[in-house]
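The values are calculated or read from the model by the stated rules, or taken from the named source; none is laboratory data. Computed from a predicted model, the values in this text were never measured in an experiment. Note that we place each Cβ from the backbone using ideal geometry, even for glycine, and neighbour counts take in every protein chain shown.
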Amino acid sequence: MIIDCHGHYTTAPQAHTAWRQAQQAAFEAGLAAPAYPRIADDEIRASIDGGQLKLMTERGVDLTIFSPRASAMGHDFGDEAVSIAWAQVSNDLIARVVQLYPASFAGVCQLPQSPGVPVTGSIAELRRCVTELGFVGCNLNPDPSGGHWTSAPLTDRSWYPLYEAMCELDVPAMVHVSAVTNPNFHATGSHYLNADTTAFMQLLQADLFTDFPDLRLVIPHGGGAVPYHWGRFRGLADMLGRPPLAESVMGNVFFDTCVYHQPGIDLLFTVIDTGNILFGSEMIGAVRGIDPQTGHHFDDTRRYVEALGLAPGARDAVFELNARRVYPRLGR
């Protein structure tokens with residue numbers, strides 16, 4: 001079985017996106033948001049059948065761990081109430097996809113984060129999504145400000161109540177930022193990769209996993225710059241008097257294969273142990289075109305992994321078993 005750990009509902013029905021725009025306009029005008037529209041099952045099927053499900057079938061992917069569109073989480077906008085309402089309708093829509101395609105999708109929730117706001121609301125939504133909707137994990141934004149990094153590091157104790165809930169519920173988080181409002185950064189070309197790298201460095205500098213030995217975090221996009229600069233991070237750990245990365249970080253941190261060329265995948269698997277790599281594609285995501293050098297879609301990441309010629313045990317781990325270990329609720 002092949003499990004894609006990184007999928008977003010980038011093809012959500014237009015009525016859902018239009019409601020978000022109306023919600024934002026209402027907030028700016030000081031008005032109440034309109035009622036959320038009725039979206040028929042057929043609209044959801046139309047958005048999935050010709051998109052994610054079509055590509056999954058063509059590329060031989062059996063199950064996608066599926067969450068709301070990351071760039072649309074928009075934690076920087078509005079206040080906590082706005083974020084809660086948007087997260088709830090977005091997660092409810094993911095739950096409907098899972099209900100319609102239970103063999104093909106497993107839900108991961110958007111958290112209603114907001115700059116400067118405690119994680120209490122995020123914990124409540126996490127519990128609702130896991131216990132009531134059957135979700136298997138969450139997306140955690142380390143920068144709700146949208147590129148200005150006003151929040152405390154992920155290792156700060158202000159995050160601890162959320163980590164306690166994650167460990168209690170036995171769910172991981174994918175560390176994933178949303179859209180960026182800082183004009184210095186391109187959303188997917190720099191902000192996403194910067195955040196992946198920044199999160200890893202935060203984890204290197206602290207003892208989060210000493211306090212939470214069962215906490216599991218997935219850093220997407222191949223770990224950002226981390227595998228490419230692995231020697232730098234190993235050296236920094238030594239200079240800072242930190243334990244070796246294998247002891248302090250990599251027992252709890254995992255990277256996906258959302259790296260869109262063969263040399264990048266080759267490097268990822270050369271540097272990082274296969275036990276820390278989960279297959280992922282983020283298909284219909286940041287990079288949707290066809291690579292003129294290969295004639296294949298950039299985000300057809302299964303091709304790159306298959307080209308490695310992994311031993312059967314390592315192949316099974318990357319394509320399925322690691323995901324089941326990191327997301328144990330998949331088996332429930």
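Annotation: of all residues in the range 243-264 being small (Gly, Ala, Ser) and part of a helix (DSSP H, G or I), the one that is nearest to Pro292 (Cα to Cα) is Gly264. Filtering the range 176-208 to residues that are free of Cβ contacts under 8 Å to residues at least 40 places away in the same chain and of a type in the set (Ser, Thr, Tyr) leaves Ser190, Thr197. When each of Ile44, Ile48 is tested for being touching a Pro at 6+ places or on another chain (Cβ under 7 Å) and more than 26 Å from Leu321 (Cβ to Cβ), the lone residue that passes is Ile44. Restricting attention to the range 200-223 and to residues that are assigned to a helix (DSSP H, G or I) and under 14 Å from the mean Cα position of the chain (by Cα), the residue that is surrounded by the most Cβ atoms within 10 Å (Cβ to Cβ) turns out to be Gly223. Pairing each residue of the range 22-40 that is of a type in the set (Phe, Trp, Tyr) with any residue that is assigned to a loop (DSSP other than H, G, I, E, B) and surrounded by 10 or more Cβ atoms within 10 Å (Cβ to Cβ), provided the two are 6+ apart or on different chains, yields C-beta distances under 8 Å for Phe27/Ala33; Phe27/Phe77; Phe27/Gly78; Phe27/Asp79.
As for the range 139-162, it holds at least one residue that is under 23 Å from Glu320 (Cα atoms) and out of contact with any Pro (no Cβ under 7 Å at 6 or more places or on another chain).
If you go through the range 228-242 and keep only what is more than 16 Å from Asp196 (Cα to Cα), in contact (Cβ under 8 Å) with a residue 24 or more places away in the chain and assigned to a helix (DSSP H, G or I), you end up with Leu236, Ala237.
Considering only residues of the range 1-49 that are outside any helix (DSSP H, G or I) and of a type in the set (Gly, Ala, Ser), which is surrounded by the fewest Cβ atoms within 10 Å (Cβ to Cβ)? So, considering only residues that are outside any helix (DSSP H, G or I) and of a type in the set (Gly, Ala, Ser), the one surrounded by the fewest Cβ atoms within 10 Å (Cβ to Cβ) is Gly30. Scan the range 230-268 for residues that are of a type in the set (Ser, Thr, Tyr) and surrounded by fewer than 17 Cβ atoms within 10 Å (Cβ to Cβ) and jot them down. Result: no residue meets the conditions. Looking only at residues of the range 298-315 that are out of contact with any Leu (no Cβ under 9 Å at 6 or more places or on another chain) and among the charged types (D, E, K, R), we find that the one that is nearest to Ile2 (Cα to Cα) is Arg302. Flag: Ala225 matches the condition of being among the aliphatic types (A, V, I, L, M), at negative phi and in contact (Cβ under 8 Å) with a residue 24 or more places away in the chain. Looking only at residues of the range 167-179 that are part of a loop (DSSP other than H, G, I, E, B) and modelled with pLDDT of 95 or more, we find that the one that is nearest to the chain's Cα centre (by Cα) is His176. Do we have any residue at all in the range 3-20 that's charged (D, E, K, R) and out of contact with any Asp or Glu (no Cβ under 9 Å at 6 or more places or on another chain)? There is at least one residue in the range 3-20 that is charged (D, E, K, R) and out of contact with any Asp or Glu (no Cβ under 9 Å at 6 or more places or on another chain).
Step by step: first the residues of the range 305-332, then only those that are small (Gly, Ala, Ser) and out of contact with any Ser or Thr (no Cβ under 8 Å at 6 or more places or on another chain), then the one that is nearest to Ala173 (Cα to Cα). Which residue is that? Residue satisfying both the conditions and the ranking: Ala323. Within this structure, Arg69 passes the test of being under 22 Å from Asp256 (Cα atoms) and touching a strand residue (DSSP E or B) at 6+ places or on another chain (Cβ under 8 Å). Every listed requirement among (1) within 30 Å of Gly264 (Cβ to Cβ); (2) touching a Cys at 6+ places or on another chain (Cβ under 7 Å) is met by His148 save one, (2).
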